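Heads up, the thing below is written out as structure tokens.
The values are calculated or read from the model by the stated rules, or taken from the named source; none is laboratory data. Because the structure is predicted, anything quoted here is derived from the model rather than measured. Reconstructed Cβ throughout: ideal geometry from the backbone, glycine too, with neighbour counts over all protein chains shown.
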Amino acid sequence: MNKPFAITLDIGTSLVNKTGTWRTERPVYVDRLPPCNNACPAGENIQQWLFHAEEGNYEAAWREIMKNNPLPAVMGRVCYHPCEDCCNRAKLDSAVGIHAVERFLGDLAIAQGWNVKAEKPSTGKRVLVVGAGPSGLACAYHLALLGHSVTVHEAGPAPGGMMRFGIPKYRLPREVLDAEVKRIADLGVTFCYNRKVEDLDALMKAERYDAVFLAVGAHLAKRAYIPAGDASKIMDALQLLRGVEAGEQPMLGRRVLVYGGGNTAMDVARSAKRLGAAEAIVVYRRTREKMPAHDFEVQEAMDEGVMFKWLTTITAEKDGEFTVEKMRLDEKGKPQPTGEFETMKADSCVLALGQDVDMSFLKQVKGLTVTDGVVEVGPDMMTGCKGVFAGGDMVPAERTVTVAVGHGKKAARYIDGYLRGATYQAPPKHEVASFDLLNTWYYSDAPATVQPALDAARRTESFDEVVGGLDQSNALFEARRCLSCGNCFECDNCFGVCPDNAVIKLGPGKRFKFNYDYCKGCGMCSTECPCGAIRMEPENI
Amino acid sequence: MTSPLPIKFYQTGTFTVGNRLLDVSVRSVQSDSQRNNSLNSGHRACQGCGEALGARYALDAAMRAVNGRLVVANATGCLEVFSTPYPESSWRVAWLHSLFANAAAVGTGMAAAMKVKGRTDVRVIAQGGDGGTVDIGFACLSGMFERNDDVLYICYDNEAYMNTGVQRSSATPAGARTATTPAVGEAPGNVMNQGKNVPLIAMAHFIPYVATASVADLRDLETKVDKAMRVHGARYLHVHVPCPLGWGCDTGDTIKVARLAAESGLYPIFEAEYGEITGRRMIRKRVPVDEYLKLQSRFSHLFKTTEGRARVAQIQAIADRNIARFGLVPEGAPA
């Protein structure tokens, strides 16, 4: 009975009362797949690198990109950013400018001279990569990181493939491309230019390769038969773009027709304006809605004064007069001829009708299957021939730089498994973090930082880069617009709003855990989690 | 390279409890893993209790402001009952319960005792629910204000007598169903009046500081507690704390409901010094009162009849009046 004055009863703490027994549902921390990551053809962990960038830790952010994509400065410029098309922030104000931040990080890395080192010890295995386009470069990079010895054979005089000979300079300055390729070469990858592979079997035996990755791209322009006069100026898009890359000044004349509706057609029309054409007219057989070109490229072309003639095909040419036929869309959206003709005067016509894969050397590779002009591969990117993998434009897929880079990475992982006598197992995917799982109240209001675009009148005169970059201040701003959909970003909301102190804060980078001894299962943490990283699950009662 | 402009954008700013991008010195008390946890685990409040949360928010902030030198008097009510069933206590502050009606008077006594003993470092808080404040303890509270005693009185307003089974108090809002204002007859639910607005009555005593706050806005609440603890004399803080049991809302929606009360204008958040309003929390995303009312079964009868809809319109008029009166949306903003 040794109690303070006026105290007669023993006291105890309420911690003896384990209120966790009241619970019928329990909160569980989950990681969901952000829509941006889910959409990225290169498999980047976009949210994670934005997380580093939000803190201003740009080097960590860049290294996170480099885990999946060796070309951030290139990709930040030329990728069609499917990540932004499905960004949940678009439903709030506008999508996070992911490509702009990626480009900023890529440019910063080049300026700062950041580099990567091989992660694994040398395996002594030799891999041949055929083609130094985005897919071949990505595959070579990842194989080098995994400790393999890689040689790249490229038919052209310089690396980059379509990035160099298809994409104009105003979208991708060549010094950016060269800097990122050099980083791959610095990893120990050997590049051989002007080396077109003719006999794959013989080469593999002669130089003792253990595996090969084919990424020769699609460089043969599709043609349309247009009866034309002797003096006609009809050329194909790749011929033109390759010529421009080599420094030629093709004589296109005042008025140029561009036949086709894809991204290449946009590149050609915009290049034509830069080469001095007063009028560049895109002739396409369907409507704008049906055009395969990406909307922002069509918009940029329109801003630069490129004209469009929809629902039209070119049927013949004579003395600078092109006969065109009007089309109409049937119920299925397919263009049908109407029999109504008219003529258009033009000095030249560029065909941008798509490209085919050059299959000549592949014919002798045993077991290889070609369907609809492309090489068939399994889910592991291996062709029908053992040890021969393929990716990029030469396999069935959407033909973009990003898809190609994704193929290169994926193939590298399976090739690594193949060389080590095992099979690479891709980790399972989490469920996608959809917009309805977020509590958007908690995010500050902020519009997107618009990249400063060069004045439209100025840019059509030169091949200077059209879209400007972010600087340190607005890149940080843009990164911080990320909602971190589906993954904890340590906002402390669950820790704060629990009326029962049943959330334990583990410290920076370590997130939180629930104290199920006291959690009553009210669900407030789950409702108030901004990013949808807490799920309520029924208890087994 | 030019030096980067200072960034004033922090992803979630101060909307979330914590924020790793903010400097540690400007983070909330609740985001600190070393916070006091003045009301500890194991208390017997219902799931999703707004009052338990509000009390921890307020007392943790006060404990930090006065460096742990705090004594608390508590009125009878849910807060007292669920925190101290003999022999357990959830309090990690010096805490005393006397009667239902006299928390303000006990606080006055504590402040006087500290003064006599020369303990100028020890500060006093008296607290209670809306029953113990706006009804039963009102005389003691008014006296404490009138004498300008050095006490911060905190009312956790859950708008009825929840502990005894949801009976109406004079803080119960218009149209709400309670055990004593059932949703039957010609005028179902609570009478359609303006109720008793104790923050405005407190202001009429011309005391140094009066404020309203909500569990939906932690940073605002912590700032007001901190401010209140830095001045002497009688101070009053009114905290809106939803009660899932009495209001008939989902236990996980406590903060959401409180947020909608503020964003609809039904619960104006403001502060006043010496009888003059000096600050208000602006509405960020204005919503019609329906969004607030529909989450709570105590208002569900209003949405079943034409007469009920007319009452919803009257409740909307109350919200609109608050918004105009306290200036809760910027001038020229769309209604």
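Computed values, structure above
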quantity: Among (1) at pLDDT 95 or above; (2) in a loop (DSSP other than H, G, I, E, B), the one test that A:Ile541 misses; calculated: (1)
quantity: Residue identified as on the phi < 0 side of the Ramachandran plot, within 13 Å of chain A (Cβ to nearest Cβ) and among the β-branched types (Val, Ile, Thr) among B:Val72, B:Val81; calculated: B:Val81
quantity: Considering residues of the stretch B:150-167 that are touching an Asp or Glu at 6+ places or on another chain (Cβ under 9 Å) and not in a loop (DSSP other than H, G, I, E, B) only, the residue farthest from B:Ala62 (Cα to Cα); calculated: B:Tyr161
quantity: Subset of the stretch B:13-27 [more than 7 Å from chain A (Cβ to nearest Cβ) and either part of a loop (DSSP other than H, G, I, E, B) or not hydroxyl-bearing (Ser, Thr, Tyr) (or both)]; calculated: B:Thr14, B:Leu22, B:Asp23, B:Val24, B:Val26, B:Arg27
quantity: Selection from the stretch B:32-47 of residues that are at the interface with chain A (Cβ under 7 Å from one of its Cβ atoms) and touching a Lys or Arg at 6+ places or on another chain (Cβ under 8 Å); calculated: B:Ser33, B:Asn37, B:Asn40, B:Gly42, B:Gln47
quantity: Residue selected from the stretch A:467-476 under the condition buried (at least 22 other Cβ atoms within 10 Å of the Cβ) and either facing chain B (nearest Cβ under 7 Å) or assigned to a loop (DSSP other than H, G, I, E, B) (or both), by the criterion modelled with the highest pLDDT; calculated: A:Leu476
quantity: Test: A:Val96 is assigned to a loop (DSSP other than H, G, I, E, B) and crowded, with 24+ Cβ neighbours inside 10 Å; calculated: yes
quantity: Count - residues of the stretch A:478-494 that are more than 10 Å from A:Glu54 (Cβ to Cβ) and within 7 Å of another protein chain (Cβ to nearest Cβ); calculated: 4
quantity: Qualifying residues in the stretch A:271-321 (those that are among the small types (Gly, Ala, Ser) and surrounded by fewer than 20 Cβ atoms within 10 Å (Cβ to Cβ)) - the one nearest to A:Phe165 (Cα to Cα); calculated: A:Gly276
quantity: Within the stretch A:495-514, considering residues that are β-branched (Val, Ile, Thr) and not in a helix (DSSP H, G or I), the one farthest from the other protein chains (Cβ to nearest Cβ); calculated: A:Val503
quantity: Subset of the stretch A:417-436 that is touching a strand residue (DSSP E or B) at 6+ places or on another chain (Cβ under 9 Å) and in a helix (DSSP H, G or I) - its residue that is nearest to A:Cys86 (Cα to Cα); calculated: A:Tyr418
quantity: Matching residues in the stretch A:121-132 - criterion: being under 21 Å from A:Lys67 (Cβ atoms) and either touching an Asp or Glu at 6+ places or on another chain (Cβ under 9 Å) or not in a loop (DSSP other than H, G, I, E, B) (or both); calculated: A:Thr123, A:Val127, A:Val129
quantity: Residue among A:Val244, A:Val256 that alone is assigned to a helix (DSSP H, G or I), in the same structural domain as A:Ala280 (by TED's automatic domain parsing) and touching a helix residue (DSSP H, G or I) at 6+ places or on another chain (Cβ under 8 Å); calculated: A:Val244
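Here is a yes/no grid of residues against (1) surrounded by 22 or more Cβ atoms within 10 Å (Cβ to Cβ); (2) in contact with a Phe, Trp or Tyr (Cβ under 8 Å, 6 or more places away or on another chain); (3) part of a loop (DSSP other than H, G, I, E, B); (4) not hydroxyl-bearing (Ser, Thr, Tyr):
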site	(1), (2), (3), (4)
B:Ile125	yes, yes, no, yes
B:Gly128	yes, yes, no, yes
B:Gly132	yes, yes, no, yes
B:Ser142	no, no, no, no
B:Asn148	no, no, yes, yes
B:Arg177	yes, yes, yes, yes
